[in-house]
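What follows is a set of notes on a single structure, which appears directly below.
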Amino acid sequence: MRARACIKCKEYVVIHPNNPLNQNKIDLFERKHHLHTLITVEINEIKDQYQVFKINGTANSSTMSA
């Protein structure tokens, strides 16, 4: 499984390519970190050092709060 990660903030969001809600979350993640260095990596490469990107206090990778 792959993820988008911010090297500066040590946060990541899991990529689910066929999920439109996840695409919205990725867009939000990229807007929040637009001046930072973003990478796409396998989740197992970063999961121990990085935190899950949270929207409104939740870390659910497949849904997005309104």
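With r as the distance between the Cβ atoms of Asn44 and Cys9 and R0 = 30 Å, compute the FRET efficiency 1/(1 + (r/R0)^6) and round to 0.05. Please list the in-between numbers first.
Values: r = 20 Å, r/R0 = 0.65.
For R0 = 30 Å, the calculated efficiency reads 0.95.
Using a 10 Å cut-off on Cβ atoms, rank the peptides 23-30, 34-41 from the highest mean neighbour count down. Please list the in-between numbers first.
On the way: 23-30: 16.5, 34-41: 11.4.
Packing proxy ranking, top to bottom: 23-30, 34-41.
Each reported figure results from applying straightforward, stated rules to the coordinates on display, with no laboratory input. If you're wondering where the values come from, they're calculated on a predicted model, not measured in any experiment. Reconstructed Cβ throughout: ideal geometry from the backbone, glycine too, with neighbour counts over all protein chains shown.
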